[in-house]
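Remarks on the structure that follows.
All of the numbers you see were taken from the coordinates with simple rules; none came from a lab. Worth saying up front: this structure is predicted, and the values here are computed from it rather than measured. As a convention, Cβ positions derive from the backbone with ideal geometry for all residues, glycine included, and neighbour counts pool all protein chains shown.
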DNA sequence: ATTATATCGATAAAGATATACCGATATGCT
DNA sequence: AGCATATCGGTATATCTTTATCGATATAAT
């Protein structure tokens, strides 16, 4: 593990490698080459090698990388070993889906509980997690030292929820509301922008259909 | 509107501008400057100007851009006027949330119906949309000429669902399963990778906490 | 009318990211 | 043993993206 200042682009691909490596069957060969990974994931082999080199140098010519070591290194660099407790504000369909999703623990995240302004939603979910009134957010975040929050409320309420989160000591926000949030500069906002995702699909589609016509 | 080969980076920011412009109150000034947009969205003003220039050249010095025109141009370039009918495979929490979400129509998308291998889920949702057995996917896609599909099933089933979609004539796939999909090269897969999003949050957090210590 | 200012679009420079190339090395084959 | 081959890591090059700079222009103020 050597990690120093990984670029955003690399940081976004590393989890993909990790996911792929974890998905390999138990009886797969002990070692894997960058070439193989590249083919499987549809990337360039040089890029894979460069990305992996930014994490560790344990590839051997003609042999490749030892899968188990690579997984360990990636987990270490990505911080998947330390558990990050996270809360969700908004217990609608999306909020509940995120709260219930088991897969986050594979990434070192633990969705602790959700908060909603509608107090009738208060209580335990099917999966045994608590939904609390929004009024308790600050108190509970401080208590549990929560540093990560998810915003799953409609756009109109997103900024005020965001402000409340910042006040509660949250440092990183995963925002699902389709709106730009204003935050102090030490707070990170990552926008999960559906519009952005959809545009990529739609513009690909337009290209495809145009090509067929011409 | 001039659109020719917009870069991915630009394509990802355009919806953000559109979203922001639409959110302006009705009594806001008729024109807006790149400087203002940049400040509101936390971007560089030159970047905003360049991005907008890639769509149209209707900014006037000292005046700025006419909001309504800009919205029209952006909608045209992004293809938000043609409605893209879309189906979802997987009617679990996530699938249902996506099916119910009203906001997609703002982006020119219409979530038509969902499909699930579990036939007990078949029927109408609260919002009046149909859930069908997966076995009907191909027939219904062909009938309705669906070109876009959403994968909201567990990783293990994602590849087979994907194959089925391709067979059904779908050209663009929005994949929520944490796995790389193999597809023919004319099919676009956009991965909504939670791991990737989370990594960015988590690595920011690590940096923040390290800074405080030193 | 002249000057000051905000803002534009275009071009140039800088920075980030991806690709190509090459020498080194570990294995398998003759 | 010696050669062919797959694969690595590093350096160099090319491409893509962002940021800086500048002359032009439309309005407002003097």
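How long, wide and thick is the protein assembly as shown, going by the Cα atoms along their three principal axes, in whole angstroms, largest first?
That works out to 63, 57, 47 Å along the principal axes.
Return P(r) of the stretch A:142-184 (all Cα-Cα pairs; 10 Å bins starting at 0; whole %; ordered from short to long distances).
Computed distribution, short to long bins: 32, 56, 12.
Take the Cα gyration tensor of the stretch B:1-86, multiply each eigenvalue by 5, square-root it, and list the three semi-axes largest first, rounded to whole angstrom.
20, 15, 12
How big, in percent, is the set of alpha carbon pairs in the stretch A:45-95 lying more than 18 Å apart?
Result for the distance tail: 49 percent.
Of the candidates B:121, B:147, B:139, which one comes out as most mobile in a Gaussian network treatment of chain B with C-alpha springs shorter than 10 Å?
In the Gaussian network model the winner is B:139.
Relative contact order (percent) for the stretch A:8-78, with alpha-carbon contacts under 8 angstrom and 6 or more residues of separation?
Relative contact order comes out at 41 percent.
I'd like the FRET efficiency for residue A:39 and residue B:24, computed as 1/(1 + (r/R0)^6) with the beta carbon distance as r and R0 of 51 Å, rounded to 0.05.
Efficiency, from the Cβ-Cβ distance: 0.60.
From Cα pairs below 8 angstrom and at least 6 apart in sequence, can you work out the relative contact order of the stretch A:84-195, rounded to a whole percent?
Relative contact order comes out at 23 percent.
What span do the alpha-carbon atoms of chain A cover on each of the three principal axes, reported in whole Å from largest to smallest?
Taking the Cα atoms of chain A, the three principal extents are 61, 52, 37 Å.
On the Cα set of the stretch A:107-214, report Rg and Dmax in Å, please.
When restricted to the Cα atoms of the stretch A:107-214, Rg and Dmax are 18.0, 63 Å.
In percent, how large is the relative contact order of chain A, given Cα pairs closer than 8 Å and 6 or more residues apart?
For chain A, the relative contact order is 13 percent.
Report for chain A the percent antiparallel among DSSP-assigned beta bridges with both residues inside it, nearest 5.
The antiparallel proportion sits near 20 percent.
Can you tell me what the convex hull of the Cα atoms of the stretch B:1-41 projects to on average, as an area in nm²?
Over all viewing directions, the stretch B:1-41 projects a mean Cα-hull area of 3.6 nm².
Provide the percentage of antiparallel DSSP beta bridges, counting only those with both residues in the protein assembly as shown; round to the nearest 5.
Counting only bridges with both partners in the protein assembly as shown, antiparallel ones make up about 20 percent.
Taking the label point as lying 7 angstrom from Cα along the Cα-to-Cβ axis, what are the distances from residue B:23 to the corresponding position in the remaining copies, in ascending order and in nanometres?
Nearest to farthest, the other copies are at 3.4 nm.
May I ask for log10 I(q)/I(0) of the stretch B:166-214 at q = 0.21, 0.24 Å⁻¹, from a Debye sum over the Cα atoms as equal point scatterers with solvent left out?
-0.76, -0.87
Across peptide A:174-183, how many C-beta atoms of other chains are within 10 Å of each residue C-beta, on average?
Per residue, the number of nearby Cβ atoms from other chains is 3 on average.
Looking for one value pair here: nearest-to-axis residue in chain A (by Cβ) for the rotation onto B, and the distance in whole angstrom.
Here the nearest residue and distance are A:97, 3.
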